[in-house]
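Encoded as structure tokens, the structure appears first; notes follow it.
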Amino acid sequence: MTSRVLRALSAFALFVGAVSLLPGNAQAAAARSDAQPVEVGIGQVSPQIPNFADTKKTMTFSGVVKNTGSTTLKNLTVRVQRSMVSSRSAMGSAEGRGFDLDLSKKLPDRLAPNASATWTLTPTELQLFGSRTPFPGVYAFDFDVTDDNGDFLGGYRTFLVWKPKDMSGAQQARVALMWPVVGQPGITGQKMPNSSEAPILADQSTAQQYAPGGRLSKIMQAGTGMPVNWLVDPDVLSTANQLVNGYFAPDPKSNNKLTGYSGNDPGSFANQASAILTSAQAQNCWSLLYGDPDVNTLSRTPTGRSLLTSAAGLQAPATGGCRPGNPTVAWPSDGQADATTLSALAGAKVPNLVTLVGSNQVSTWPSAHASLPNSPNTVVYDNYLSNIFTDPSKPAAPSLSNPGVLAGQQWLAQTALAATEGSHVLVVTPPRDFDPPQELLDAIKAVNAVPNTDQWFALDSLSQVVDNTPATPEKASTLTRISTANQTDAAVNSASDSQQLYHALHSVIADQQYDTSVPFRPIATWWRNHGGGAAYGKTVYDTVVTDHGLVSFGTQTPPLTMSGKSGTVPVTIKNDTDAPITIYLRAQDTGAHTMELKVSADQGPHSINKGQSATIRIPVQALGNGQPVTLKATLYTCKDLNENCTYYPANLSTPLKGDSSVTFVTVKVSRIGIIALGLMIGSGFLLVLLIGLRVYRAKRTHHAPAQDTMAS
């Protein structure tokens, strides 16, 4: 099958099905599968933009050819074909027949299996474009490998632009480039049990992302050279600030023993980010919902929606990040959303909220600022341009090409074609974990070196999008549908239980300066596309459960006996936390039929110093006698003593093993009642009478004989 036939078949296939563009798509990727015996890679395109003023200038293309077959190949040649591209959806293949250029590079006579050979071509622009005044637009260049019979063995494609603003109807494309600053969560809420109180991370990789030259640091540095729109998860900066004074993490090399680490790298990053984001040059700064909760997952269940409402109300515990004033951004995973997601966000009632979603057809709408049902303030970003930023360090398959080079040429070509699609601002949003290669950054900046009259795109502020009146989209169904798996219900339920237990604990701790987002980090959107979320969630849950148990009732004494009609029942409350607590207590008789004990008053508030215990004596009155009665004492977090503030939350998905916030005391009442006292008094009076009667009779018996004698 000839290269031209393959190219035509590929064009049809991609016209029907290609909506997601990967950097460096081959000239006939659909038809020319992995079965081809040669893999071709492109490693250099220089300069990235041709010299529009002098077609005598040369350009350099280089790459690698590899024999992926099982037999030796002979007499291979790299050849070049050129074709015009008229739309972004057709960039994967040429429209019509490509033009064979008189450009070629002979490879070594023999190429053994698995062997590779390099190639370089340095044509002039005139040789490439075939004219001193090339037709304006976007050109695809296919670097094909053929044998001595002219049979196609493999190829790869890249793009060049030529004065795209001269295209009919073309205007300068306006692009609002979002710049996500999102990272892996790792704070567990656990701290070292010593005076340092250093935080403990679930994984060392959380801190490693702050290293100089690491992904986050590179993103901050790269964004300073362009007018980008920062899209910041405040938790990234909050976590860095919490690690500044050092932290501990399990060391896999030492059987996961907790090991201490310096906080220098997180501290340096925190200073770098704060300086950049608070500078006058960083006006375009937008904050994500704190902790970047996975709104798609949380919108699916009542428990999740309740958790979303709580998460949406969080505030950053540390300073830094975007200056206040701009709206808060909710960004569903990968820009995917449906009616359920949008409805849940509306129900969370976040003030001044912008929802950021993706679409493959955004360019057909009158504005990227759209009004959707339940989401009147929505920014819809362009997936074609956004997908260029797919992390080049994680290619779908091994490649001989330099992904950054291909991504850079993709950016230049797509923005040139976007200039013909409309005058509104295109919004571009890279993925959360993007790591832009230098060649892509260079391509974005390269247009600045082109004469002003030829610059076909410029970077704008997102505020220019949201300040416009929202347009009602023709078809809301063109939003990117949810295709990736949501997190499990078990993960949501565990996070909900953690949130309730964590809130109960810190409601009684006097020092309210605590990290409110601890229970929410396991359901951050980050975990949707990364491993380790389940293990991290379990660590956070186990830590929260343990910490919640630090406030409890002490072991109670054996059954008590109360004499008299009133008395006190002692219970002990233990505070094993490292801060003072204030807690409330309610005691009640658990008698099933009649009240045997009457509790005179509910107890509280009670203040207990850290590491101390307090014995509370509950005043009671006896209403029965001689019967064992069980007294129940319950801990509360508020003085209202309502069901919503029991220290042990009432709505846990998984009940804890044992409830140390409730204790039972058995009391036996032993006292003298009124009837018994009357009987005792009556018995005593009767006894006195009986004794007097006996004395009287004894005296009478003693005097009787004398009287008889005298009588005689």
**Prompt:** Give me the Kirkwood hydrodynamic radius of segment 391-511 in Å, from all C-alpha pairs, to one decimal place?
**Reply:** 19.5 Å
**Message:** Net charge around THR525, counting only other residues with Cβ within less than 12 Å of its Cβ (Lys, Arg = +1; Asp, Glu = -1)?
**Reply:** -3
**Asked** Can you give the convex hull volume of the alpha carbon atoms of segment 85-197 per residue, in Å³?
**Response** 284 Å³
**Message:** Bin width 10 Å, origin at 0, all Cα-Cα pairs of segment 492-612: what percent of pairs per bin?
**Reply:** 11, 31, 26, 19, 10, 3, 0
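Report the extension gain between ALA614 and LEU400 in nm, rounded to one decimal, defined as 0.36 nm multiplied by the number of residues separating them, less their alpha carbon distance. Numbers along the way, then the final one.
On the way: separation 214, 0.36 × 214 = 77.04 nm, distance 7.06 nm.
Extra length from ALA614 to LEU400 when fully extended: 70.0 nm.
Any chance you could run the full-extension gain for ASN448 through THR630? It's 0.36 nm times the residue separation minus the Cα-Cα distance, nm to one decimal.
Values: separation 182, 0.36 × 182 = 65.52 nm, distance 8.17 nm.
Extra length available between ASN448 and THR630 comes to 57.3 nm.
Send over the per residue convex hull volume for segment 212-356, Cα only, as a whole number of Å³.
141 Å³
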**Request:** Using the Karplus curve 6.51 cos²θ - 1.76 cosθ + 1.60 with θ = phi - 60°, work out ³J(HN,Hα) for each residue of segment 58-69 in order, rounded to whole Hz, and write x for Gly and Pro.
**Result:** 9, 10, 10, 10, 8, x, 9, 10, 10, 7, 9, x
**Prompt:** Given charges of +1 on the Cβ of Lys and Arg and -1 on the Cβ of Asp and Glu, with all other atoms neutral, how large is the dipole of segment 330-441 about its Cα centre, in debye to the nearest 20?
**Reply:** 220 debye
**Asked** For HIS606 and SER205 in one chain, what is 0.36 nm times their gap in residues minus the Cα-Cα distance, to one decimal in nm?
**Response** 140.1 nm
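Averaged over every viewing direction, what's the projected area of the C-alpha convex hull for segment 410-457? Give it in nm², one decimal, please.
Values: hull surface 15.9 nm².
Computing the convex hull of the Cα atoms and averaging its projections yields 4.0 nm².
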**Prompt:** When the convex hull of the Cα atoms of segment 103-160 is projected onto a plane and the area is averaged over all directions, what value comes out in nm²?
**Reply:** 5.0 nm²
**Fill in**
Rounded to the nearest 10 Å², the accessible area of LYS66 using a 1.4 Å probe with every protein chain kept is 60 Å²
**Message:** Roughly how far apart, in whole Å, are the Cα centres of segment 627-668 and segment 482-548?
**Reply:** 24 Å
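Can you tell me the FRET efficiency between ASN644 and THR546 if r is taken as the Cβ-Cβ distance and R0 is 22 Å, rounded to the nearest 0.05?
0.40
When the solvent-accessible surface of protein heavy atoms is calculated with a 1.4 angstrom probe, in what order do THR488, THR415 fall, highest first?
Ranked from most to least accessible, the order is THR488, THR415.
The values are calculated or read from the model by the stated rules, or taken from the named source; none is laboratory data. As the structure is a prediction and not an experimental result, all values here were calculated from the model. All Cβ positions, even for glycine, are placed from backbone atoms using ideal geometry, and neighbour counts span all protein chains on display. For accessibility, only protein heavy atoms count, side chains too; no ligands or nucleic acids. Shrake-Rupley method; radii C 1.70, N 1.55, O 1.52, S 1.80 Å.
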